[in-house]
Structures are given as structure tokens and as C-alpha cells.
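Since the structure comes first, as C-alpha cells, the remarks are kept for the end.
The values are calculated or read from the model by the stated rules, or taken from the named source; none is laboratory data. All figures in this text were calculated on a predicted structure; none of them were measured in a lab. Cβ coordinates were reconstructed from backbone atoms using ideal geometry, including for glycine residues, and neighbour counts include every protein chain displayed. Ligands, DNA and RNA are excluded from the accessible area calculation, which covers all protein heavy atoms including side chains. Shrake-Rupley method; radii C 1.70, N 1.55, O 1.52, S 1.80 Å.
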Number of protein chains: 2
Amino acid sequence: MKEKVTIYDIAKALNITAATVSRALNNNPKISEATKTLVMETAKKMNYEQNRFALALKSGKSHNVGVIVPFINRNFFSSIIRGIEEELYPKGYHVIICQTHEDAKKEEETVQNLLNAQVDGILMSVSKTTQQVRHFKKILKSNTPLVFFDRIKEMDGVSTVTINDFQGGYMATKHLIDVGCTRIAHATVDLALPIYKHRFEGYKQALEDHDIAYNDDYLITTKSDIDAGEKAIKKLLKLKNAPDAIFSASDYAALGAIQQLNVLGIKVPDDFAVVGFSNEPFTQFMELSMSTVDQSPVEMGKTAARVFLEQMKEPNLKIMKKVELSPELIVRKSSSKLTANNKQI
Amino acid sequence: MKEKVTIYDIAKALNITAATVSRALNNNPKISEATKTLVMETAKKMNYEQNRFALALKSGKSHNVGVIVPFINRNFFSSIIRGIEEELYPKGYHVIICQTHEDAKKEEETVQNLLNAQVDGILMSVSKTTQQVRHFKKILKSNTPLVFFDRIKEMDGVSTVTINDFQGGYMATKHLIDVGCTRIAHATVDLALPIYKHRFEGYKQALEDHDIAYNDDYLITTKSDIDAGEKAIKKLLKLKNAPDAIFSASDYAALGAIQQLNVLGIKVPDDFAVVGFSNEPFTQFMELSMSTVDQSPVEMGKTAARVFLEQMKEPNLKIMKKVELSPELIVRKSSSKLTANNKQI
DNA sequence: TAGATTCGTGCAATCGATTACATAATTCAG
DNA sequence: CTGAATTATGTAATCGATTGCACGAATCTA
């Protein structure tokens with residue numbers, strides 16, 4: 001139907017060469033103003049659109065960036081992607097989405113695939129099962145900017161955008177202390193992953209700063225789901241000196257905890273306070289809304305995108321930027337209790 | 001660093017021409033088996049990867065598909081995208097994500113942009129504010145397959161994947177009737193949009209089939225948020241013959257309704273039953289879990305992708321396929337009541 | 001006014017893969 | 001054993017945009 005208009009068509013129409021048209025469109029200073037405007041105008045008139053492939057083939061730049069996440073239908077990740085898309089789209093970049101399903105092998109394959117597609121950059125959150133860094137090195141070797149967000153792997157030459165998980169853990173724990181809890185448990189997911197390790201360290205530090213001894217029995221490792229949270233509560237309540245609060249590194253486990261506490265007839269927050277982590281949408285919709293730590297994922301996505309753009313501006317310079325965003329404690333009902341010493345927050 | 005290997009490199013290594021290499025790699029029957037295997041092997045040995053841009057430039061096919069949704073961080077849409085990605089990725093397609101923010105103008109711009117990027121197809125859910133179909137016609141004119149999912153616009157030459165919203169509305173309403181409700185209200189969002197219109201029609205049909213007169217006072221138009229649901233309940237309860245149940249076309253409005261009923265001390269589900277629509281994740285996490293209609297979004301995404309792939313197989317044939325998926329009623333606490341005539345479902 | 005600059009364009013190669021057409025090598029029919 | 005048919009490969013154009021180099025024309029210098 002509608003044949004694509006090329007610079008040759010414009011050239012023919014104006015009786016000049018394609019080279020001149022190209023230069024005019026690129027605002028090359030060697031072209032006279034007269035020709036420039038003339039070319040611009042006819043280009044517009046003829047509905048000219050630059051062919052991305054020809055450009056990509058010539059320049060090696062695709063104006064695409066690859067984004068790799070474990071799953072895209074997890075609020076945290078889809079919100080990050082939203083942030084990335086909003087930041088990059090106006091700059092003419094397209095965002096290519098890939099999921100790893102937390103599978104290290106699929107991650108490697110995906111990376112290879114995106115490199116082959118010659119994306120201009122890769123923004124990603126590392127899969128839980130990833131051990132190797134070979135594929136990341138390949139990215140760097142191919143001179144493609146690489147930005148990790150949230151789940152990172154410490155590597156030379158890679159920029160990272162994270163939230164301060166230590167601070168998040170600290171805030172959550174301190175808040176529980178502030179509302180009068182003294183026997184605070186912590187549910188973690190996998191201490192081998194930096195994000196969880198840092199939350200745990202924040203938890204420990206908050207205890208220490210408030211002269212509460214760390215109790216190893218109060219540390220429990222769970223999966224990030226409701227079931228795991230239920231089991232964790234059952235286990236914790238069997239202790240002779242059972243806790244009166246829990247800071248869970250996962251909102252889902254926290255939800256399971258609350259549900260189980262309900263079943264057992266234990267009053268939340270009065271007899272047992274709960275704080276989660278991530279600010280999943282459901283946490284605010286629960287009847288007993290859940291206190292949690294917000295990670296501002298949209299902002300994280302935007303930041304990651306901006307870091308990428310900076311890197312693109314300085315193609316020679318190897319920038320390695322580490323941005324750390326601040327988490328925000330969101331106090332809701334599951335931990336809002338009035339005590340002798342504390343006002344409701 | 002690592003220079004890209006091209007077919008010319010392979011050709012040089014084997015002392016043949018690039019044409020032969022190309023043909024061998026494409027399994028052209030005119031090439032002898034001997035050369036084929038030889039080429040294949042050296043290609044593998046040299047880590048050859050086909051240059052997508054050269055191919056795209058030559059063929060006009062990008063092996064990219066554009067996906068346009070209002071927002072990507074809405075569970076429904078991100079799940080659809082997940083389905084699309086899972087179906088298309090193994091076939092060598094990359095998925096380019098764009099959001100419209102429900103803005104018709106941004107939608108037009110995005111379409112133009114994707115066309116310019118020469119995507120091989122566009123899968124999309126139409127923005128709420130879209131009136132014009134000019135940009136859709138442009139897609140068709142450029143001979144690019146177009147598939148609408150969920151939010152469609154009736155047009156010639158466009159394939160659609162929807163769920164049977166009528167059936168969903170019918171099932172939800174019939175279920176409420178089955179548990180003994182007789183004065184069933186309906187909260188809709190915008191009857192101008194087919195999805196909501198069909199849900200409403202299903203609602204009406206279910207009433208009619210069970211000899212319940214349709215009452216115009218029970219129809220209420222709300223936005224799709226919690227606030228709107230609260231207001232709707234307030235308004236409905238002011239009626240002299242107040243309803244005893246509501247089928248809301250939005251889970252969010254249904255949530256608002258439940259919260260407001262709680263505030264007013266009205267027992268859910270015994271005194272007032274509630275069914276939502278969409279099966280948003282939060283509906284199952286609420287203490288009083290919400291009955292709702294599931295739209296199997298991942299399946300919808302996969303189906304849309306498959307329809308696209310079929311279209312690609314028959315480039316000459318103009319296929320126009322209309323797939324309708326069945327919704328599934330999910331009964332949870334907000335409508336599970338025991339009545340004289342009904343067993344608990 | 002001759003020679004040197006500057007300015008604006010054109011020429012042609014390039015990016016990497018595909019493919020119609022040409023050609024060389026082999027096989028086959030009679 | 002010769003011409004035709006078949007098979008395997010090479011030649012060169014093409015997709016669309018960019019860009020180093022060349023070149024003619026205009027302007028300037030002394």
C-alpha cells in the first residue's frame with residue numbers, strides 16, 4: 001500500500017542527493033540553511049520517517065533497551081517497568097521486556113538474546129538462583145551499559161539502583177520497639193541474597209541500639225508466601241518466651257502471620273504487632289491494613305533509566321554509579337497500638 | 001572488543017562466498033549437504049549470530065511485536081503481558097511494551113511510533129478515552145496484524161480476544177440469586193464500553209431468567225475505585241427498598257462497598273452479599289475474601305499471541321478471528337451464605 | 001588577478017544478510 | 001562423445017541511512 005518514504009525519494013523530489021538530504025535532516029553545519037529548511041519541509045510533507053533498521057545497521061545502536069525481571073506480573077516489578085518505560089519512551093527508546101521465572105539458565109539465555117538483538121543497554125533484577133556472572137561479563141565486554149536494580153550482584157563496571165534495605169529493616173524494627181514491643185521476631189526469606197541480608201542487619205542494629213538482645217530463636221527463614229507466614233507464627237508461638245511482634249521481610253509471609261494470629265485468637269496489633277516489607281497493594285486493602293515498608297518501585301525504575309541515560313551520554317567513560325533510594329515506613333493498623341509510653345503514630 | 005562475526009567472516013574462513021554461507025545457514029536446497037554441515041559447524045565454532053538489523057532491513061520484518069496497554073502495573077494487564085511474552089519469546093519475538101495512561105492522544109502517538117519501528121504486529125487493549133479509529137486503520141493499511149484484547153473496538157480486519165463478559169455478569173448475578181438474594185444491585189463503570197455493557201446485560205438476563213424484575217434504581221455508575229464503592233453503598237441503602245446484594249463490575253468498587261458495609265454494621269455476606277469482577281489479587285487476601293469473576297488474563301495474553309502467530313503464518317490471508325474466553329466465577333466469603341433453600345457453594 | 005580558503009554538494013563505500021541471475025562443474029541421454 | 005539437463009556456487013544488486021573524501025564554485029588575500 002503506502003510505500004515507505006526514504007531519503008532517496010526526498011532527494012529525487014528536490015533534485016539533490018540522498019547524502020545532502022541525510023545531512024540536512026541531521027542538521028549538519030555544512031549544509032546551507034536554505035537547503036536545510038527545504039529538505040525539512042518536504043520531508044514533513046512527504047511523511048518521511050527514518051528507518052530504524054538502516055540506522056541501527058549503520059550505527060550499531062538499536063534504541064532499544066532490554067529489561068529483565070523474574071516475573072512481570074508482580075506489582076513490584078511491573079511498577080519498576082512502568083517507571084523505566086515512562087522515563088525512556090520520551091527519549092525515543094523502546095523497552096523490551098523479558099522474564100526469567102527465577103531461572104538462572106533462562107536468564108543467561110535471555111541476556112544472550114538481548115545482546116544479539118543489540119539492545120543499547122540492559123536493566124535487570126537478578127534471578128534468585130543466579131550464581132554465575134559469566135553472562136554479565138559478556139554484557140560488559142560487548143560494551144553495553146548494564147544497570148542492576150533491587151536484586152544486584154556486586155560487580156565491577158555495573159551500576160546499581162537499590163533501596164536501603166538496612167534502613168528499611170531498621171525503621172520497621174524501631175517502629176515496633178517504639179510502639180512498645182520488646183520481643184520482636186524477624187522472618188527472612190534468604191539471607192544469601194543481599195536485600196534480605198541487609199533487612200536483617202537493619203533489624204539487628206535497631207535491637208542493639210535500643211538495648212534489646214538479639215535472640216536467635218526469633219529469626220526464622222520462610223518462603224515469601226502466605227503459607228510460610230502461617231507456619232512461622234505457629235513455630236514462634238511455641239517458644240517459651242514467645243515474641244510479641246514480627247518484622248517480616250515479605251508482605252506475603254506477614255499476611256500469613258496475621259491470618260494465623262487471627263485463627264489463634266491473638267489480637268493484632270495489641271497482643272502481637274506485624275510489619276511487612278514491600279507495600280504490596282493488598283496490604284492497604286486488608287480490613288486490618290498492614291504496616292509495611294514502601295520501596296517506591298516506580299521511582300526505582302525511573303532512576304535506573306536515568307542512570308542508563310547518563311551512561312549513554314558518555315560512551316567512552318565507564319561510569320559505575322550506585323544509587324540508593326530511601327525506603328519509607330508506612331504505618332497502618334497491624335502495628336498501630338497505643339501504649340503507656342507511646343502515642344499512636 | 002569482541003568483533004561481531006558476520007557471514008563474510010565465515011565465508012573467508014572457508015574460502016567460499018557469503019552468499020553460499022547465507023544459503024547454507026538458511027538450509028537452501030541448492031546447497032550440498034557437505035557445505036551445509038561445514039558452514040553450520042564453523043558458524044557455531046565462530047559464535048556466529050545473525051544480525052537482526054540487516055535481516056530486518058532486508059526483509060522489513062523486525063521480529064518485534066508492540067503491546068499497548070493503559071498501565072502496565074495493573075495486575076490484569078501485567079498478567080496479560082506475561083502471557084504474551086511467554087508465548088512469543090520462544091518463537092523468537094521480542095515484546096515491546098508501551099502504556100497509554102488511558103490517553104487517546106498518547107495511544108495514537110504510540111501506534112505511530114510502533115509502526116515506524118516496523119513491529120510485526122500490534123496487540124493492544126484500547127484506552128478508555130479512545131474515540132477515533134484513524135490510527136487503527138493506519139495499522140491495517142500498513143499490513144500489520146492487529147489484535148485487540150479485552151478492550152476492543154469493533155472494526156473490520158481486526159482480531160479480538162475477549163472474555164465473555166455477558167456470561168461473567170450472568171454467573172455472578174445468578175450466584176447471588178442462588179444464595180437467596182432478591183434485591184440485587186449492579187455497580188457499573190461506563191456503559192459506553194463494551195466490557196461493562198455486556199456485564200450489565202448478563203446481570204439483567206440473569207434477573208429476567210429468575211423472574212426478578214429489573215429495577216433501574218439498583219443500577220449505579222461508579223468509578224473503579226474504593227471511594228466510589230463506598231459512595232455507591234451509601235446511596236443504595238437510602239432507597240426505600242434497599243438491595244441485599246451487589247454485583248460490582250469492578251473489584252475496587254466492591255471493596256469500597258464491603259468496607260462501607262462494615263462501617264455501617266451490616267453483616268457481609270449474611271445481610272448483604274457482594275461479588276466483584278476481575279479477581280484482583282487483593283480479593284483473596286482480604287479477611288473477608290471477596291467473590292469475584294476471574295478473567296484468566298495470562299491465558300488471554302497467550303491466546304492473543306497465538307492469534308497473532310496464526311496471522312503471521314498466512315501473510316496473504318486476511319484472518320479476522322474472534323476468540324472469546326470463558327470467565328470463571330470464584331466464590332469466596334463475601335457471598336457464601338447458607339440459606340433455607342441453598343447449600344453453601 | 002592568481003592563488004588560497006571556505007562553503008555546499010555529490011560520489012561512493014559501508015553496515016550484514018538475502019536473492020535473482022549468471023556461470024562453472026558434473027551428470028545424463030542418445 | 002556431444003549437447004542438454006542438473007547441481008552447486010559465485011556475482012552483484014538491494015534494503016535505507018551515514019560519512020570520508022573529492023570537487024566545483026564562491027569568496028578572500030595580497
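Scanning the stretch A:31-56 for residues that are within 11 Å of DNA strand D (Cβ to nearest atom) and basic (Lys, Arg) yields one hit, A:ARG52. Residue check: is B:MET320 outside the structural domain of B:PHE200 (by TED's automatic domain parsing) and either out of contact with any Pro (no Cβ under 7 Å at 6 or more places or on another chain) or under 30 Å from B:LYS61 (Cα atoms) (or both)? So B:MET320 passes the test. Note on the stretch B:14-30: among residues that are outside any helix (DSSP H, G or I) and of a type outside the set (Lys, Arg), the one that is nearest to A:ILE139 (Cα to Cα) is B:ASN26. Could we say that B:ALA18 is more than 8 Å from every other protein chain (Cβ to nearest Cβ) and touching a Phe, Trp or Tyr at 6+ places or on another chain (Cβ under 8 Å) here? Spelling it out, B:ALA18 is indeed more than 8 Å from every other protein chain (Cβ to nearest Cβ) and touching a Phe, Trp or Tyr at 6+ places or on another chain (Cβ under 8 Å). Can you pull out the residues in the stretch A:262-280 that are within 29 Å of B:ASN279 (Cβ to Cβ) and surrounded by fewer than 24 Cβ atoms within 10 Å (Cβ to Cβ)? Result: A:ASN262, A:VAL263, A:LEU264, A:VAL268, A:SER278, A:GLU280.
If a residue has to be within 15 Å of DNA strand C (Cβ to nearest atom), in a loop (DSSP other than H, G, I, E, B) and open to solvent by less than 70 Å² (accessible area, probe 1.4 Å) to count, how many in the stretch A:31-52 make the cut? Qualifying residue count for the region: 3. A:LEU57 meets the stated requirement of being part of a helix (DSSP H, G or I) and at the interface with another protein chain (Cβ under 8 Å from one of its Cβ atoms). Among the criteria (1) open to solvent by 10 Å² or more (accessible area, probe 1.4 Å); (2) without any contact (Cβ under 8 Å) to a residue 60 or more places away in the chain, the one B:ASP156 does not fulfil is (2).
Please determine, by comparing only the residues of the stretch A:2-13 that are in a loop (DSSP other than H, G, I, E, B) and near DNA strand D (Cβ under 7 Å from one of its atoms), which one is nearest to the other protein chains (Cβ to nearest Cβ). Once the filter is applied, the top-ranked residue is A:LYS4.
Within the stretch A:2-27, no residue that is closer than 13 Å to A:ASN51 by Cβ sits with its Cβ atom under 8 Å from a residue that is basic (Lys, Arg) and open to solvent by 80 Å² or more (accessible area, probe 1.4 Å) at 6+ positions apart or across chains.
Going through (1) open to solvent by 10 Å² or more (accessible area, probe 1.4 Å); (2) within 14 Å of chain A (Cβ to nearest Cβ); (3) among the aliphatic types (A, V, I, L, M) one by one, B:ALA253 falls short only on (1). A count restricted to the stretch B:159-188 and to residues that are closer than 30 Å to B:PRO145 by Cα and either in contact (Cβ under 8 Å) with a residue 60 or more places away in the chain or not aromatic (Phe, Trp, Tyr) (or both) stands at 9.
Please find, within the stretch A:54-85, the residue that is farthest from DNA strand C (Cβ to nearest atom) out of those that are of a type in the set (S, T, N, Q) and within 17 Å of A:MET312 (Cα to Cα). It comes out as A:ASN64.
Only residues that are open to solvent by 10 Å² or more (accessible area, probe 1.4 Å), at pLDDT 95 or above and within 13 Å of another protein chain (Cβ to nearest Cβ) were counted in the stretch B:281-301, giving 4. Tell me yes or no: at least one residue of the stretch B:76-86 is at the interface with another protein chain (Cβ under 8 Å from one of its Cβ atoms) and small (Gly, Ala, Ser). Checked the stretch B:76-86: at least one residue is at the interface with another protein chain (Cβ under 8 Å from one of its Cβ atoms) and small (Gly, Ala, Ser).
Of the residues making up the stretch B:9-30, those that are away from DNA strand C (no atom under 11 Å from the Cβ) and at pLDDT 90 or above are B:LYS12, B:ALA13, B:LEU14, B:ASN15, B:ILE16. Which ones in the stretch B:248-280 are touching a residue at least 40 places away in the same chain (Cβ under 8 Å) and more than 21 Å from B:LEU191 (Cβ to Cβ)? B:ILE258, B:VAL268, B:PRO269, B:ASP270, B:ALA273, B:ASN279, B:GLU280, listed by residue number. Selection within the stretch B:14-30: residues that are hydrophobic (A, V, I, L, M, F, W, C) and within 12 Å of DNA strand D (Cβ to nearest atom). The member of this set that is surrounded by the fewest Cβ atoms within 10 Å (Cβ to Cβ) is B:ALA19.
Yes or no, residue by residue, for (1) more than 14 Å from every other protein chain (Cβ to nearest Cβ); (2) open to solvent by less than 50 Å² (accessible area, probe 1.4 Å); (3) over 29 Å from A:ILE152 (Cα atoms):
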residue	(1), (2), (3)
A:ILE184	yes, yes, no
A:ALA192	yes, no, no
A:PHE200	yes, yes, no
A:ILE226	no, yes, no
A:ASN241	yes, no, yes
A:GLN260	no, yes, yes
